[in-house]
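J.: The structure is given below, and queries will be raised subsequently.
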Amino acid sequence: MPREPRHLKVTQDQYFAAALTQLAAQGVEGLTISWLCRALGVTSGSFYHYFGGWAGFVEALLTHWEAEQTQRIVELARAAASPEQRLDVLRRQATALPHDAEAAIRAWGRGEARVGQAQQRVDARRHAALRAIVSDMGVGPQDAERLATTGMALLVGMQQLQRPVDIAMLGAVFDELERTIRDYAGRAASTRR
């Protein structure tokens, strides 16, 4: 059985996990090729094999982050049977995000356009998913837009306000938002009767 080359002993996903951990701990300033290779116990050849260089790594990391922390979550929510269940899935998944890493990505995006563009895509997709769920619960378009914006503001605000994010407090804040959304949905249903 042929041996796997030394430079392939870790996966791209392990690079991404290490990068998100380092972003959460040290911000983008602490995230370097040499740090990643030391943390994963590989040579820089492994890094260059997978990513070709720093620009390729950043692009792959952002693509991974968008897919795992937005696309996957939206798809999980869509799979739920009712809008109320979709809202619950979205709330639980949003609570479990890598909040400190996301705060670091947001800070990084202020200085690097492609990172900022990825952050904007993530925000827009999350906002649209929440707005769609709220609309499906019977809330009118203007109120659904405002409630989705409130949800995004709560998420981003908590990520910026606390380091590390107090997950219990974030859950309580999201519970309050969910109650508000349900109240809006209930009022909308009563006016349709």
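J.: When the solvent-accessible surface of protein heavy atoms is calculated with a 1.4 angstrom probe, in what order do 49, 127 fall, highest first?
T.: My answer, sorted largest first, is 49, 127.
J.: Tell me what the chain gives for mean residue ellipticity at 222 nm when only DSSP H runs of n ≥ 4 count, each as -39,500 (n - 2.57), the sum divided by the residue total, rounded to 500 deg cm²/dmol.
T.: Per the formula, -25000 deg cm²/dmol.
J.: Of the candidates 133, 33, 73, which one comes out as most mobile in a Gaussian network treatment of the chain with C-alpha springs shorter than 10 Å?
T.: Its mean-square fluctuation being the largest, the pick is 33.
J.: Counting only protein heavy atoms and using a 1.4 Å probe, what share of the accessible area of the chain belongs to carbon plus sulfur, as a whole percent?
T.: Here carbon and sulfur together make up 54 percent of the probe-accessible area.
J.: Further, regarding this structure: Charges only on Cβ, +1 for Lys and Arg, -1 for Asp and Glu: so what's the dipole of the stretch 67-171 about the Cα centre, in debye to the nearest 20?
T.: In total the dipole reaches around 220 debye.
J.: What ranking of 44, 82 comes out by heavy-atom accessible area, probe 1.4 Å, highest first?
T.: Accessible-area ranking of 44, 82, largest first: 44, 82.
J.: Separate question: How far is helix 99-109 tilted off the main Cα axis of the chain, in degrees rounded to 10, range 0 to 90?
T.: Around 80 degrees separate the two axes.
J.: Tell me, what is the per residue accessible area of the chain in Å², probe radius 1.4 Å?
T.: Heavy-atom SASA per residue in the chain reads 52 Å².
J.: Find which of 37, 56, 132 sits farthest along the positive direction of the dipole of the stretch 1-152, computed with +1 on the beta-carbon of Lys and Arg, -1 on that of Asp and Glu, about the Cα centre.
T.: 37
J.: For the stretch 66-167, what does the alpha-carbon gyration tensor say about shape, rounded, prolate or oblate, given a ≥ b ≥ c as the root eigenvalues, a/c under 1.5 as rounded, and a/b over b/c as prolate?
T.: Prolate.
J.: Related question: Please report, in debye to the nearest 20, how large the charge dipole of the chain is about its Cα centre when each Lys and Arg carries +1 at its beta carbon and each Asp and Glu carries -1 there.
T.: Approximately 220 debye in magnitude.
The values are calculated or read from the model by the stated rules, or taken from the named source; none is laboratory data. Fair warning: this is a prediction, and the values are worked out from it, not measured in the lab. Note: ideal-geometry Cβ built from the backbone for every residue, glycine included; neighbour counts use all protein chains shown. The protein model used for the area step is the full one, side chains on, heavy atoms only, and it has no ligands, DNA or RNA in it. Shrake-Rupley method; radii C 1.70, N 1.55, O 1.52, S 1.80 Å.
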